[in-house]
């Protein structure tokens, strides 16, 4: 019986260490990616929202200059109007809306992934701002007087570049054409209303179809954390009660907490370092949009630091709990003057009690 008890104690102690290690990593991961707040905070602090619109403007302007389309994008006044119409606060608000809707779906609050980012109003504001700029610019231009001026501006009556107004130049129509070009679905924004259904991958599948298994995986991960925590408690109790000297069981559990806590903190540092190296390598292999990519890497590193720090503090917490158990065992034993019981003493004690009971029964029979 003593051998069976020792085998069970060794088995449960090994399982306790595994459960504590797994709980630390899973809990840290859930802390960072289990709710929208850490992701929203990382993106906001990375500078992404301040650089996203200027980067898109530069990309569109470069594409327009090479393809000869949407030349108004290259105009400084238009770029200023775009930045005014799409401020960082608007971009952040829309991004947070999509992130929150995604987590609401993952957490099972809603059955379908459903979010909508409508940029129609911002696009209309942009068209109006550009129209106001053109109106003021054209109103300040003189009428073309020489034949050369008339021929030059009639050949290319661009309201952004014309230096004088040729005869018959319709200011209102010219401005309206520019505004329609901005709000047109095939111009500045291919689709001013983004939803979970019209965001599709190269294979044509919508975002919700691609991630259809995500809510189930999220639910299983949360249940796994609770199951792991319950296993830690039950295994700790089992180890304590398998010891004849219960206080020895408490001490052994305490030492396991200390050991796993120290190792967990070390593993967290190594994993954090490895993940940062990975994100930096990914950054170096991506071409174009360096500013935005740098912001995304900064956000990823912020999440990695959050993950690493939470795991380290988890390890510190285990060490503290372990010290409390070990020191508490010592103090209780000292206060109650309890002598530690060795396995041999426990076996001898049980044998003595059995022999005493047998002798008593024989004496009664002889009487």
Give me the pairs, please: first residue somewhere in the stretch 280-308 and more than 20 Å from residue 267 (Cβ to Cβ), second residue anywhere and part of a loop (DSSP other than H, G, I, E, B) and modelled with pLDDT under 90, beta-carbon distance under 8 Å, and either six or more positions apart or on two chains. 293/286
Apart from one, (1) buried (at least 18 other Cβ atoms within 10 Å of the Cβ); (2) modelled with pLDDT of 90 or more; (3) closer than 30 Å to residue 216 by Cβ all hold for residue 115; the odd one out is (2)
Members of the stretch 62-111 that are part of a loop (DSSP other than H, G, I, E, B) and either at pLDDT below 85 or surrounded by fewer than 14 Cβ atoms within 10 Å (Cβ to Cβ) (or both): 68, 69, 70, 75, 108, 109, 110, 111
Please state which of the following conditions residue 272 fails to meet, knowing it meets all the rest: (1) surrounded by fewer than 16 Cβ atoms within 10 Å (Cβ to Cβ); (2) assigned to a helix (DSSP H, G or I). (1)
Being in contact with a helix residue (DSSP H, G or I) (Cβ under 6 Å, 6 or more places away or on another chain), modelled with pLDDT under 85 and either under 24 Å from residue 127 (Cβ atoms) or outside any helix (DSSP H, G or I) (or both) is the requirement here; does residue 182 meet it? yes
Could you please let me know if residue 153 is at pLDDT below 80, over 21 Å from the mean Cα position of the chain (by Cα) and assigned to a helix (DSSP H, G or I)? yes
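The values are calculated or read from the model by the stated rules, or taken from the named source; none is laboratory data. Here the structure is a predicted model, which is why all the values come from computation and not from measurement. When we count neighbours, we look across all protein chains shown, and the Cβ atoms used for this are built from the backbone with ideal geometry, even at glycine.
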